[in-house]
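The structure appears right after this line, and notes come after that.
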Amino acid sequence: MLKGGTIITGIQNSEVGCTLRNQHEGGAELKIPLEARVPDHFLLYVPLDGIAYRCEVRWRRNDRIGVQFTSTEPKPRLHYG
């Protein structure tokens, strides 16, 4: 199953659109734009789930990153989704 998501980096309110692949309870594989700069820790908002996941990057390969979910948060207040 593929889901849309938004990586919220916290750097000058920067957001990066992504696609979640292989999501499971502990993490997911994310497909990101090749030119995107994604920090090692960020907030991932998934509108379909209605929550945000605190993420830690575990691996990077081209346009894919593997993340571990470290906690969850309610929908970010300033996010439009």
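The values are calculated or read from the model by the stated rules, or taken from the named source; none is laboratory data. These numbers come from a predicted model, not from an experiment. With ideal geometry, Cβ positions are generated from the backbone for all residues, glycine too; neighbour counts draw on all protein chains shown.
Observations on the structure shown:
- Cβ-Cβ under 8 Å pairs, at least 6 apart or on other chains, the range 29-44 side of a type in the set (Val, Ile, Thr) and modelled with pLDDT under 95, far side surrounded by 12 or more Cβ atoms within 10 Å (Cβ to Cβ) and not in a loop (DSSP other than H, G, I, E, B): VAL38/ILE7; VAL38/VAL16; VAL38/VAL57; VAL38/ILE65
- One residue stands out in the range 51-81 among those that are at pLDDT 90 or above and assigned to a loop (DSSP other than H, G, I, E, B): the one that is surrounded by the fewest Cβ atoms within 10 Å (Cβ to Cβ), namely ASN62.
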